[in-house]
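Here is the structure we will look at.
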Amino acid sequence: MTRRKRVLVLAFGAAIATGACGTTASDATDSPLASGNGPAAGTAAKPAVANTAAAARLAYRDVTIPAGTMLPLSLTSAVASDTSAVEDAVTAELTRAIAIDGWDVLPAGARLEGHVTEVDGSGRVKGRAMIAFRFTSLRTGNEQYDVQSSPLSHLAPATKGEDATKIGVGAGAGAIIGGILGGGDGAAKGAAIGGGAGTGVVLATKGQEMRLGLGADVSTKLTAPLTVRVRVS
């Protein structure tokens with residue numbers, strides 16, 4: 001090979017080497033592409049920042065409702081002296097919100113649960129029907145709290161006036177019948193017999209039962225402070 005040809009070959013090889021180096025340098029300065037598994041570098045932290053900001057906007061604080069606070073309630077389960085038993089469940093709901101320092105800490109509709117503590121059916125002549133219960137827990141939203149509240153007792157109305165009327169009618173009717181049959185003595189004896197008959201009617205008749213239906217007012221009050229978690233923002 002002549003000297004001139006060797007020079008041309010060397011020049012051509014140098015040109016090829018220079019082109020290869022230029023391509024490598026260009027590739028090194030390109031921005032990296034996002035991978036198929038996630039966002040490009042520098043953007044991954046944005047969702048975390050957004051979540052942190054959202055969490056910061058939700059604030060809660062503990063609020064204590066003092067003992068003696070009245071809880072206005074209405075029954076959501078019926079109870080009765082002739083059908084309920086001790087330990088039967090009793091439920092009610094708040095009829096209005098409970099506010100502390102301007103914040104509604106318990107909403108209307110919050111559910112209270114308890115149980116029957118005592119029950120007596122109506123007796124004969126004396127012994128009025130009675131049912132007693134107490135609320136021991138409160139649920140609002142996803143939170144549930146133990147509650148100490150005053151016991152509630154409901155007594156059936158007295159029937160003494162009705163009983164006296166029954167006895168009087170029996171005695172009067174006996175006196176009339178006795179007078180017709182045997183004169184004065186018969187009237188006296190008939191009155192005694194009639195009076196006994198009237199008393200017998202009372203002895204055989206039970207008094208009124210104590211029944212509380214849905215929506216009955218069963219308001220109670222806290223006997224110990226109640227601390228609840230309240231959202232404030």
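The values are calculated or read from the model by the stated rules, or taken from the named source; none is laboratory data. A quick note: this is a predicted structure, and the numbers were derived from the prediction, not measured. Using ideal geometry, Cβ is built from the backbone for each residue, glycine included, and neighbour counts are taken over all protein chains shown.
Key figures for this structure:
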{"read-out": "Residue count, segment 127-157 (criterion: within 19 Å of the chain's Cα centre (by Cα) and of a type in the set (A, V, I, L, M, F, W, C))", "value": "5"}
{"read-out": "Flag if Ala97 is of a type in the set (A, V, I, L, M), under 20 Å from Ala224 (Cα atoms), surrounded by fewer than 18 Cβ atoms within 10 Å (Cβ to Cβ) and without any contact (Cβ under 8 Å) to a residue 12 or more places away in the chain", "value": "yes"}
{"read-out": "Boolean, Thr165 is among the hydroxyl-bearing types (Ser, Thr, Tyr), modelled with pLDDT under 50 and farther than 19 Å from Asp217 by Cβ", "value": "yes"}
{"read-out": "When residues of segment 83-124 are limited to those that are assigned to a strand (DSSP E or B) and more than 20 Å from Ala216 (Cα to Cα), the one modelled with the lowest pLDDT", "value": "Arg124"}
{"read-out": "Any chance Gly141 is at pLDDT below 95 and either crowded, with 19+ Cβ neighbours inside 10 Å or at positive phi (or both)", "value": "yes"}
{"read-out": "Search result, residues across segment 107-138 that are touching a Leu at 6+ places or on another chain (Cβ under 6 Å) and farther than 23 Å from Arg211 by Cβ", "value": "Ala108, Ala110, Leu138"}
